[in-house]
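Data first, discussion second: the structure below is written as structure tokens.
The values are calculated or read from the model by the stated rules, or taken from the named source; none is laboratory data. Owing to the predicted nature of the structure, the values given are computational and were not obtained by experimental measurement. Every residue, glycine as well, gets a Cβ built from its backbone with ideal geometry; the counts of neighbours run over all protein chains shown. We work out accessible area using only protein heavy atoms, side chains counted, and drop any ligands, DNA or RNA first. Shrake-Rupley method; radii C 1.70, N 1.55, O 1.52, S 1.80 Å.
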Amino acid sequence: MASAQTGPAPSGAKPFLTVDGKLPLVIGHRGVPGLVPEETEASYELAADLGTDSLEEDLHLTKDCVLVARHNPWLGDNTNVAEVAKTNAEVAKRKRTTPGVPVKVKWAQTPTSGPAEYPSDLVDPADPKSVLKALIVDGDDHTNDWSITDFTMAELRQWIAGTTYDAANERPKLF
């Protein structure tokens, strides 16, 4: 088992406290992605072993409502979906090619209030299912990518291969 500390705390070390004098709540975001690949069982177990109070996971639903732990709902960043689409028409046709539409904000604009509009995946306000045509995530338009929600778990397992994000080159060598 890896450990963030190599030994006991130094003599006289004081715990880090919040502004109200309490111990902080430690949340393992995607486990401990700085030490092992994120969103993996190993990452969650290491976070628990290190005394994390809580885990925060990125979960997405497949088309058949199976939860998948994956940072992004789009698949083009670290899977073979684009390669598969070249020879699999079913995968190719699920590519989200409709761009999001700009929506004007409804609050008064000031120099510090943010943008006057933002992208939305509600392509047709009269059709709630139109959100399944575009791929907008946290204000970023991912047109020309594939969404995990467009595949069943069986299809993902059968057709799509990929990796979990692993910042191995940024990981400390000693821990």
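Counting heavy atoms of the protein chains only and a 1.4 Å probe, report the per residue accessible area for the chain as a whole number of Å².
66
On a full-extension model of 0.36 nm per residue, what is the gain between E83 and A48, subtracting their alpha-carbon distance, rounded to one decimal in nm?
Contour length minus Cα-Cα distance gives 8.9 nm.
Of all beta bridges DSSP finds with both residues in the range 1-130, what is the antiparallel percent, to the nearest 5?
Of all bridge pairs located within the range 1-130, approximately 70 percent are antiparallel.
Compare the peptides 32-40, 60-68, 75-83 by average per-residue count of other Cβ atoms within 10 angstrom and give them in order, highest first.
Numbers: 32-40: 20.0, 60-68: 13.8, 75-83: 17.6.
The densest-packed peptide leads the list: 32-40, 75-83, 60-68.
What FRET efficiency do you get for D20 and L55 if R0 is 35 Å and r is their Cβ-Cβ distance, rounded to the nearest 0.05?
0.90
Can you give the translational diffusion coefficient of the range 1-100 in µm²/s, computed by Stokes-Einstein from the Kirkwood radius over Cα pairs at 10 °C and 1.306 mPa s?
Roughly 93 µm²/s, to the nearest whole number.
Could you tell me which of S120, A85, G34 has its Cα farthest along the dipole of the range 12-150 towards the positive end, charges placed at Cβ (Lys, Arg +1; Asp, Glu -1), taken about the Cα centre?
Of the options given, the answer is S120.
Mind jotting down the three principal axis lengths of the range 27-72 based on Cα atoms? Whole angstrom, largest first.
Principal extents (Cα only, largest first): 35, 18, 14 Å.
Please report, as a whole percent, how much of the solvent-accessible surface of the range 32-175 comes from carbon and sulfur atoms (probe radius 1.4 Å).
Looking at the range 32-175 in its full context, I get 56 percent from C and S.
Mean 1/r over all different Cα pairs, inverted: what Kirkwood radius does the chain give, in Å? Working shown, then result.
Numbers: mean 1/r = 0.0512 Å⁻¹.
The Cα-based Kirkwood calculation yields 19.5 Å.
Order I136, I27, most accessible first, counting only protein heavy atoms with a 1.4 angstrom probe.
I27, I136
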